[in-house]
Amino acid sequence: METTKPSGHAFDWHFGLPTLRGTTLTLREVRPDDAPSLLLMLGSEEVAEFVSPLPNTVEGFSGFIAEALSERAIGRSFCFAVVPYGYEDAMGVFQVRGLDAAFQSAEWGFGLGSPFWGSGIFVEAANLVIEFSFKVVGVNRLEARSITANRRGNSALSKLGALQEGVLRRSFQRDGRYFDQILWSILRDEWHARNQFFKQKFH
């Protein structure tokens, strides 16, 4: 994970997120001018089918971004925009929200425009977010919830090393219907051990 930060200042994510650079994308903090591209990428029915209700207007996404910046400033959550190389606009987001005052346990959610599904961008972005959460923020347990019917999302979480802890029955409501969700978790020590294993095995 390569990060950039203001020269001469000690990094503290409460004052702003760093830029994380991968091989195919950049992660940076969401900003107000991301609203139109996020509406375009995340407003489609195929993206919205398996996630919590998203804004359906530019103004709605502007409000989402303003709230994300405010929540980061008080240390409750942070939100990265996904910017693939060759693009300037956000094509998706990753948001991590603390579940306790110390941010030891957190829940993450994500959305990526369907043109980038299957491109490998999601996996690389997710790994950067996980590493940042564990190494910089100090998260110990990272949780995710995914509707049982979301095969693509559940497969991606499994490939990232998340473990399925159980099924939360009828825990998600959309359009007047209730759906079961799978509860996934990644623990910091297991993540580090897994990554070290792959480094030793394949490098």
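The values are calculated or read from the model by the stated rules, or taken from the named source; none is laboratory data. Every value quoted in this text rests on a predicted model; they were computed, and no experiment measured them. Note: ideal-geometry Cβ built from the backbone for every residue, glycine included; neighbour counts use all protein chains shown.
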Q) Restricting the first residue to the stretch 130-156 and requiring it to be touching a residue at least 12 places away in the same chain (Cβ under 8 Å), which pairs with a second residue that is in a helix (DSSP H, G or I) and small (G, A, S) meet a Cβ separation below 7 Å and a spacing of at least six or different chains? A) V139/S133; L142/S133; S146/G153
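Pick out, from the stretch 103-203, the helices (runs of 4 or more DSSP H) lying fully within it that include 1 or more residues that are hydroxyl-bearing (S, T, Y) and surrounded by fewer than 20 Cβ atoms within 10 Å (Cβ to Cβ). Don't jump to the end; show me each part of the working.
Numbers: elements: 121-132, 151-159, 188-202.
By residue number, 151-159.
Regarding L54, is this residue free of Cβ contacts under 8 Å to residues at least 60 places away in the same chain and either closer than 15 Å to F116 by Cα or within 15 Å of the chain's Cα centre (by Cα) (or both)? Working first, answer last.
Numbers: free of Cβ contacts under 8 Å to residues at least 60 places away in the same chain: yes; either closer than 15 Å to F116 by Cα or within 15 Å of the chain's Cα centre (by Cα) (or both): yes.
Against the criterion (free of Cβ contacts under 8 Å to residues at least 60 places away in the same chain and either closer than 15 Å to F116 by Cα or within 15 Å of the chain's Cα centre (by Cα) (or both)), L54 qualifies.
Which residues, counting only those in the stretch 134-151, are of a type outside the set (G, A, S) and over 22 Å from F103 (Cβ atoms)?
I147, T148, N150, R151
Here's the yes/no breakdown for (1) at pLDDT 95 or above; (2) touching a Ser or Thr at 6+ places or on another chain (Cβ under 8 Å); (3) hydrophobic (A, V, I, L, M, F, W, C):
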{"site": "G98", "(1), (2), (3)": "yes, yes, no"}
{"site": "A102", "(1), (2), (3)": "no, no, yes"}
{"site": "S105", "(1), (2), (3)": "yes, no, no"}
{"site": "P115", "(1), (2), (3)": "no, no, no"}
{"site": "V123", "(1), (2), (3)": "no, no, yes"}
{"site": "V136", "(1), (2), (3)": "no, no, yes"}
{"site": "V139", "(1), (2), (3)": "yes, yes, yes"}
{"site": "L142", "(1), (2), (3)": "yes, yes, yes"}
{"site": "I147", "(1), (2), (3)": "no, no, yes"}
Q: Might you let me know whether the stretch 73-88 holds any residue that is under 17 Å from L20 (Cβ atoms) and of a type in the set (D, E)?
A: yes
